[in-house]
Amino acid sequence: ANGSALAGKKVVITAGPTREAIDPVRYLSNFSSGKMGYAVAAAAQAAGATVTLVSGPVQLTTPPGVARVDVDSAEQMLQAVTRLLDEGCDIFIGCAAVADYRMAQIADNKMKKTDADELTLTLVKNPDIIAYVGQHPKRPFTVGFAAETQDLAAYAQDKLTRKNLNMIAANDVSIDGQGFNSDNNALTVYWQNGQQSLPLATKSDIATALIALIADHHNQ
Ligand code: PMT
């Protein structure tokens, strides 16, 4: 994207994992490092947008000129996104690996080991943040990611429709050297009547190409 492709646009990007507490000392999470979402934030900023990152816990520095709201859980991420939508948002990009489930009840105290060889945790569904954005009365141009280990195209296109998105970036996370925690990535981006593949490159280059695609489609 050139330096003004997203001039004057407010962009909100979720990045990183969420952490779902089990008890005061344990949590459920995933291997997202935040690198992809942070690269997308830097690319959107370079394209002239006003960018806010809603970030799960990651070990990354905030890209210069980007605002950042830190959250832990999916419920906190939804709260932050809701507030930012109310404040006005033109483009939403959901790069976070949000936990689909959380504990039905977080234990008040550290759970003790017992004599039993098995432990069963009861989980309940988390809110789907990007599906909420896709139904919002002030719905922005909405872009999702889909991390898949099989049937990439079919699952991604299903999420595009079901979550009411404008675009979805399908990420094959079964291949070594791309996806979770890698410095490189490869995506296939789908929209209603088309698709484009962004072959293996640094997350920074992939992010720049993705932002150029988003700028083209958003401005149509
Ligand atoms: O962070 P990195 O280490 O750089 O890795 C990047 C990545 C692999 C995490 C990233 O490229 C990626 O694919 N992110 C999406 C991961 C994911 O959780 O995909 P999903 O198929 O489960 O979710 C589909 C879409 O719905 C995503 O836009 C996700 O942000 C969103 N979602 C999912 C569940 C939920 N409760 N709320 C959501 O908003």
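Considering each residue of region 94-116, count those that are of a type outside the set (S, T, N, Q) and more than 8 Å from the ligand (Cβ to nearest atom), and give that number.
First, pick out the residues of region 94-116 that are of a type outside the set (S, T, N, Q): 94-104, 106-108, 110-113, 115-116.
Those still in the list that are more than 8 Å from the ligand (Cβ to nearest atom) too: 101-104, 106-108, 110-113, 115-116.
Looking only at that region, the number is 13.
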Worksheet item: Does region 183-191 contain any residue that is over 30 Å from GLY8 (Cβ atoms), near the ligand (Cβ under 9 Å from one of its atoms) and touching a residue at least 60 places away in the same chain (Cβ under 8 Å)?
Response: yes
Discussion item. For the structure I just gave you, tell me whether ASN181 is surrounded by fewer than 19 Cβ atoms within 10 Å (Cβ to Cβ) and farther than 17 Å from GLN157 by Cα.
Written reply: yes
Worksheet item: In this structure, does ALA21 turn out to be under 24 Å from ILE168 (Cβ atoms), more than 13 Å from the ligand (Cβ to nearest atom) and in contact (Cβ under 8 Å) with a residue 40 or more places away in the chain?
Response: no
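Restricting the search to region 1-40, which residues are among the aliphatic types (A, V, I, L, M) and outside any strand (DSSP E or B)?
Pass one, region 1-40, residues among the aliphatic types (A, V, I, L, M): 1, 5-7, 11-13, 15, 21-22, 25, 28, 36, 39-40.
ALA1, ALA5, LEU6, ALA7, VAL25, MET36, ALA39, VAL40 - these are the residues of region 1-40 that are among the aliphatic types (A, V, I, L, M) and outside any strand (DSSP E or B).
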Worksheet item: Going by the structure shown, is ILE206 near the ligand (Cβ under 10 Å from one of its atoms) and either assigned to a strand (DSSP E or B) or modelled with pLDDT of 95 or more (or both)?
Response: yes
Worksheet item: Restricting region 117-164 to residues that are more than 8 Å from the ligand (Cβ to nearest atom) and of a type in the set (Asp, Glu), which is nearest to the chain's Cα centre (by Cα)?
Response: ASP158
Worksheet item: Given the structure, is LEU198 within 11 Å of the ligand (Cβ to nearest atom) and under 26 Å from SER4 (Cβ atoms)?
Response: no
Practice prompt. Restricting attention to region 90-143, report how many residues are exposed (fewer than 10 other Cβ atoms within 10 Å of the Cβ) and of a type in the set (Asp, Glu).
Written response: 4
Item to complete: Give region 51-88 a look and list any residue that's touching a Ser or Thr at 6+ places or on another chain (Cβ under 7 Å), without any contact (Cβ under 8 Å) to a residue 24 or more places away in the chain and farther than 20 Å from PRO140 by Cα, or say none.
Response: ASP70
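Out of region 165-178, which residues are farther than 11 Å from ILE206 by Cβ and either under 14 Å from the mean Cα position of the chain (by Cα) or not in a strand (DSSP E or B) (or both)?
In the first step, residues of region 165-178 are kept if they are farther than 11 Å from ILE206 by Cβ; the result is 165-168, 170, 172-177.
Correct list: LEU165, ASN166, MET167, ILE168, ALA170, VAL173, SER174, ILE175, ASP176, GLY177.
Got at least one residue in region 128-139 being acidic (Asp, Glu) and either touching a residue at least 40 places away in the same chain (Cβ under 8 Å) or farther than 20 Å from VAL12 by Cα (or both)?
Checked region 128-139: no residue is acidic (Asp, Glu) and either touching a residue at least 40 places away in the same chain (Cβ under 8 Å) or farther than 20 Å from VAL12 by Cα (or both).
Results for (1) at pLDDT 95 or above; (2) within 19 Å of SER33 (Cβ to Cβ); (3) out of contact with any Phe, Trp or Tyr (no Cβ under 8 Å at 6 or more places or on another chain), shown as yes or no for each residue.
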| position | (1), (2), (3) |
| --- | --- |
| ALA131 | yes, no, yes |
| GLN135 | yes, no, yes |
| VAL143 | yes, no, no |
| ALA147 | no, yes, no |
| GLN157 | yes, no, no |
| ARG162 | yes, no, yes |
| MET167 | yes, no, no |
| VAL173 | no, yes, no |
| GLN178 | no, yes, yes |
Practice prompt. Can you run down the residue pairs with Cβ atoms below 8 Å, 6 or more apart or on separate chains, where the first is in region 165-177 and within 9 Å of LEU187 (Cα to Cα) and more than 7 Å from the ligand (Cβ to nearest atom) and the partner is at pLDDT below 95 and assigned to a strand (DSSP E or B)?
Written response: ALA170/GLU148; ASP172/GLU148
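The values are calculated or read from the model by the stated rules, or taken from the named source; none is laboratory data. Predicted, not measured: the structure shown is a model, and the values here were computed from it. Glycine also receives a Cβ, built like all others from the backbone with ideal geometry; neighbour counts cover every protein chain displayed.
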